[in-house]
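Below: one structure, written as structure tokens.
Just so you know, all these numbers are worked out from the coordinates, no wet-lab data involved. The model shown is predicted, which means the values in this text are computed figures rather than measured ones. Cβ: placed from backbone, ideal geometry, glycine included. Neighbour counts: every protein chain shown.
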Amino acid sequence: MSIIEQAVRRLEELRRSGVEIPGSAVGTPANDGAVVRPAPAGVSSPSRPAMAAAARPPVRPMAAESKTSRRVDIDMARLAAMGYLTPETPRAQLADEFRVIKRPILSHIRGAEAQRVKRGQLLMVTSSVPGEGKTFTSINLAVSLAMEMDSTVLLVDADVSRPSVLSRLGLPMAPGLLDLLTDPALGVSDVLLRTNIEKLVLLPSGKPHMRATELLASDAMAALVDELANRYPDRILVFDAPPLLPSPESRVLATHMGQVILVVAAAQTPQHTVEQALAAIDNCPVVLPLLNKISRSEVGTYYGYYSQGDA
């Protein structure tokens, strides 16, 4: 028997006989559930945190597809009552309007070779200033694209300063994009939300972060976008991004995109404001201005939205 084992055995015998040993903790559970034994004189004893760490297995990042994403249900009746497109109203006027809007977008993704755009499956929806309808457009476009036979859609709430996609859909806040960029233990599947709209998945914005702009410009963000885009060959990513002029996040995000949809409020946004916004994303391969809030009398009695085509 070693000297240490003899010392421990002797201490236990003394305790059983009623002798109190000051400072001893034989058999006493530590805070983390590990049992801490006293060391005899001359033998240094590790601290409790060190022993606790040794007792636990190391935390490993979760593999991206190691578990099923959480399922959430969108209230379709509520969504339709708010004026949004739903799969339950496929022949509604709004549905037909977005069929027209998405055609050039899909052509840039999988049309004729001459029409295809590099990273065309990465779409960013933004506006010059707040209040032009970019989140309304993002949600409706994502639902419309999800109704395509050959597409799955991931709607990303990238408006990290003022996220609103989940609240518009009647869903509670949840971890998401910024959490993936700051917590290496999280996998993509931990934060994706599968919905009751077939082929539509959500990625919330996540917990606010004071360095959100730097996070969106980081190598981690570039790697995450690549992972999301390449995971499934039929996936289209729709990023609901902040307005271009008040914040820098959209200009950073646009560097990853193949197509940008710039929502413009008719008779509301000054021309010089639109020109400034276009200049901020002039390096993007495709920019599609979308005129929103237009009077029906200006475009006939059918389309409430009107795309002016490539810019």
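Please work out whether region 128-188 counts as rounded, prolate or oblate from its C-alpha gyration tensor, where a ≥ b ≥ c are the square roots of the eigenvalues and a/c under 1.5 means rounded, while otherwise a/b larger than b/c means prolate and anything else oblate?
oblate
Assuming R0 = 30 Å, can you tell me the calculated FRET efficiency for the pair Met173 and Glu214, based on Cβ-Cβ distance, to the nearest 0.05?
For Met173 and Glu214, the calculated efficiency is 0.85.
Determine one quarter of the surface area of the Cα convex hull of region 67-190, which equals its mean projected area, and express it in nm² to one decimal. Walk me through the numbers on the way to the answer.
Working: hull surface 38.3 nm².
The directionally averaged projection comes out at 9.6 nm².
Report the local net charge at Asp157: Lys and Arg +1, Asp and Glu -1, summed over other residues whose C-beta lies under 11 Å from its C-beta.
Overall, the nearby charge balance is 0.
How about region 162-214: which trypsin sites (Lys or Arg not before Pro) there lie in a loop by DSSP and see at most 15 other Cβ atoms within 10 Å?
Counting only loop positions with at most 15 other Cβ atoms within 10 Å, the trypsin sites (Lys or Arg not before Pro) in region 162-214 are Arg211.
Nothing charged except the Cβ atoms of Lys and Arg (+1) and of Asp and Glu (-1): what's the magnitude of the dipole of region 239-299 about its Cα centre? Round to the nearest 20 debye.
In debye, rounded to 20, region 239-299 gives about 120.
Taking the Cβ of Pro246 as the center, what net charge do the other residues with Cβ under 13 Å away carry, scoring Lys and Arg +1 and Asp and Glu -1?
The answer is 0.
Which value in nm describes the separation of the simple spin-label points at Glu275 and Thr182, placed 7 Å from the Cα toward the beta carbon?
Those two pseudo-labels are separated by 4.0 nm.
What are the semi-axes of the equivalent ellipsoid of region 69-122, taken as the square roots of 5 times the eigenvalues of the Cα gyration tensor, listed largest first and rounded to whole Å?
Working: eigenvalues 163, 55, 11 Å².
Semi-axes, largest first: 29, 17, 7 Å.
Over region 177-272, what is the relative contact order in whole percent, taking alpha-carbon pairs under 8 Å and six or more residues apart?
With pairs under 8 Å counted, the relative contact order is 20 percent.
Tally Lys and Arg at +1 and Asp and Glu at -1 over the other residues with C-beta under 13 Å from the C-beta of Leu145: what net charge comes out?
On the way: positive: Arg99, Lys102, Arg103, Arg110, Lys199, Arg235; negative: Glu148, Asp150, Glu198, Asp234.
Computed value for this residue: +2.
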